[in-house]
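Down below is the structure, laid out as structure tokens.
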Amino acid sequence: MLTIKQITDQKEAVIAGLKKKHFADAEAVIDQILAFNDKRKKTQAQLDDQLAEGKKAAKQIGMLMKQGKQEEATAIREKVAAYKESNKELEATMNQAEQDMKELLYTVPNVPHESVPEGRTEEDNVVERQGGDPASLPENALPHWDLAKKYDLIDFELGVKISGAGFPVYKGKGARLQRALINFFMDEAAKAGYAEVEVPYLVNEASGYGTGQLPDKEGQMYHDAQDDLYLIPTAEVPVTNIYRDVILDESQLPIKNCAYSACFRREAGSYGKDVRGLNRLHQFNKVEIVRIDTPEHSYESLDEMISHVEGLIEKLELPYRILRLCSGDVSFTSSITFDFEVYSAAQERWLEVSSVSNFESYQANRLKCRYKGKDKKATLCHTLNGSALALPRIMAAFLENHQTPEGIVIPEALRPYTGFDIID
RNA sequence: GGAGAGAUGGCAGAGUGAUCGAAUGCACCGGUCUUGAAAACCGGCAAACCGAGAGGUUUCGGGGGUUUGAAUCCCUCUCUCUCCGCCA
């Protein structure tokens, strides 16, 4: 969430940013937040004064009692007892104001970075650059679901039998290809200096709030009510929560972590061609990269992450483009996001395979992830993350783009991982 | 799943009703000394909120209660450890 300091210090800029993100009633909401904050501050000042007096009196009573002056002590005691009621009231008022403020603050999205283009929908996203050759497929090219069947790589029906739609079973060279891609991505991340972590797939409520999945996307996560745990929709959640309630030393930054995990998403409300084949699944594999950085350096980190992801796609020899998301398409918690899409010639559409974002201090504020520099002051970090990469659509584009009459040709970079150079 | 013990500052660890935001040790930072370092000595060293500042308030796992006053007593939740059972 935004910090109160951000809102008070740069009120106009925050409102302008929210408007750019098409957040309704930006002024009214911000004013309301500030009003709650004022109320909180005023009440706390009053409460502090009264508590201070109470504390003094209590000490006095202690001293008098020791000296055996019972009557004097009793007199003060009665006086102090009267405070108790009004203290309770003040405290309740203060807590209410703070809670009101927080609840409202939770509904306010992050402010977009100045370089984020104005726009409402994905139509308004800006293509940064493009790579590879999107139009090199033969006329009779098959979509990946047909290829998966032809070469017996993925069994969607079997997944339906075991679990339901959106839970495919990978078989033979298909399963091997998944594992090869995961290992390839992890090794590339390690080479780029990301420290590998393996994290839980089930997280508690606090972690859900920490990265902003809760309360915003409650319905998107699988929830185990018995133990009140959530299945992770991305490794971002457990990995970033490593740094919840942590004060880092500036010398540790930037922190660079990578993690492989299975990801689970309910994807309620999806339909049609969006869910065909591997396009949208309830369970899928992903390698995630996460960075914690200083505000001064976070945009440099963002550039490095973009280059890293771009390098992966190039090594897989897939046609791609990088989009700078417009203000209306940037996610709730993100300040700036670049989407990577690979082209699926057989489906004649672009498939999103990665999303690289800088959350600035929005996520860190909820996480209470701070660092101390030379000035010894705890400052909120910037957090960033990106997929590097999500497997299913890479797999889809991979099968479609590398299909030849002889079979699916494995690009050079991946052959050490697959152990074969063609699927036929 | 059953029984018991525990949770205090970066770490270790005292503290069982007021003098405790908290002894002591280690770590860390600054200084003296030294050509430099080590040792020794001196000083500093938690966070959040309010305040221009002085200063004030809150926090001893979380929440609630008793009391004029709670790290300390009571209730409750969470977590950790030990023993037993079960088990990849």
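Each value in this text was obtained by applying a stated rule to the coordinates, not by laboratory testing. Small disclaimer: the values here were computed from a predicted structure and weren't measured. Here the Cβ is made from the backbone with ideal geometry for all residues, glycine too, and neighbour counts use every protein chain on show.
Observations, loosely collected:
- Compared with the dominant Cα axis of chain A, that is its longest principal axis, helix A:11-20 is turned about 30°.
- Euclidean distance of C-alpha centroids, segment A:62-107 and segment A:123-146, integer Å: 68 Å
- Cα-centre dipole for chain A with unit charges at Cβ (Lys and Arg positive, Asp and Glu negative), debye to 20: 1460 debye
- Cross-link reach is defined here as a Cα-Cα straight distance under 30 Å, omitting same-chain residues fewer than 8 places apart; for residue A:149 the lysines meeting it are A:161, A:171, A:173, A:273, A:286, A:315.
- Length available on full extension from residue A:252 to residue A:58: 0.36 nm per residue minus the Cα-Cα distance, which gives 65.3 nm.
- Here the Gaussian network model covers chain A, with springs between Cα atoms less than 10 Å apart; of A:67, A:99, A:363, A:67 fluctuates the most.
- Taking each DSSP H run with n ≥ 4 as -39500 (n - 2.57) and averaging over every residue of chain A yields -13500 deg cm²/dmol at 222 nm.
- Sites residue A:28 and residue A:314, calculated FRET efficiency, Cβ-Cβ separation with R0 45 Å, nearest 0.05: 0.40
- Loop-resident sites, segment A:168-232, for chymotrypsin sites (Phe, Trp or Tyr not before Pro), counting at most 16 other Cβ within 10 Å (DSSP): A:201, A:222
- With neighbour counts taken as other beta-carbon atoms within 10 Å, the residues A:88, A:368 rank, fewest first, as A:88, A:368.
- Compared with the dominant principal axis of the Cα atoms in chain A, helix A:172-191 is inclined by about 50°.
- Charged neighbours of residue A:191, selected by a Cβ distance under 14 Å, balance to -2 (K, R count +1; D, E count -1).
- Over 22 Å (Cα to Cα) - which of A:55/A:84; A:191/A:256; A:102/A:217; A:102/A:372; A:191/A:372; A:102/A:376 fall in this group: A:102/A:372; A:191/A:372; A:102/A:376
- Potential lengthening between residue A:96 and residue A:198 on full extension [0.36 nm per residue; Cα-Cα distance subtracted]: 32.7 nm
- In chain A, a dipole from Cβ-located charges (positive for Lys and Arg, negative for Asp and Glu) runs towards its positive end, and of A:61, A:391, A:332 it is A:61 whose Cα lies farthest in that direction.
- Dipole of chain A, positive end: most advanced residue of A:184, A:14, A:354 [Cβ charges, Cα centre]: A:14
- Simple Cβ-charge dipole of segment A:30-94, Lys/Arg +1 and Asp/Glu -1, about Cα centre, in debye nearest 20: 260 debye
- Dipole of chain A [Lys/Arg +1, Asp/Glu -1 at C-beta], most positive-end residue of A:167, A:46, A:418: A:46
- Loop sites in segment A:318-382: GluC sites (Glu not before Pro), DSSP, at most 16 other Cβ within 10 Å: A:348
- Cα long-axis angle, helix A:26-66 against chain A (0 to 90 degrees, to the nearest 10): 40 degrees
- Relative contact order %, segment A:1-77, counting alpha carbon pairs below 8 Å whose residues are six or more apart: 18 percent
- The mean sequence separation of alpha-carbon pairs under 8 Å and at least six residues apart, normalised by the residue count of chain A, gives a relative contact order of 19 percent.
- GluC sites (Glu not before Pro) restricted to segment A:89-192 and DSSP loop, no more than 12 other C-beta within 10 Å: A:114, A:139
- Simple spin-label estimate for residue A:275 and residue A:89 gives 5.6 nm between the two label positions (7 Å along the Cα-to-Cβ direction from each Cα).
- Placing +1 on the Cβ of every Lys and Arg and -1 on the Cβ of every Asp and Glu, with nothing else charged, gives segment A:86-227 a dipole about its Cα centre of roughly 840 debye.
- Spin-label pair residue A:222-residue A:404: with each label point 7 Å from Cα along the Cα-Cβ axis, the two points sit 3.9 nm from one another.
- Choice from A:389, A:64, A:137 with maximal GNM fluctuation in chain A (Cα, 10 Å cutoff): A:64
- Summing +1 for each Lys or Arg and -1 for each Asp or Glu among the other residues whose beta-carbon sits under 15 angstrom from that of residue A:149 gives -2.
- Extension gain from residue A:50 to residue A:161, taking 0.36 nm per residue of separation minus the Cα-Cα distance: 33.3 nm
- Whole-angstrom gap from segment A:153-221 to segment A:369-423, using each part's C-alpha centre: 12 Å
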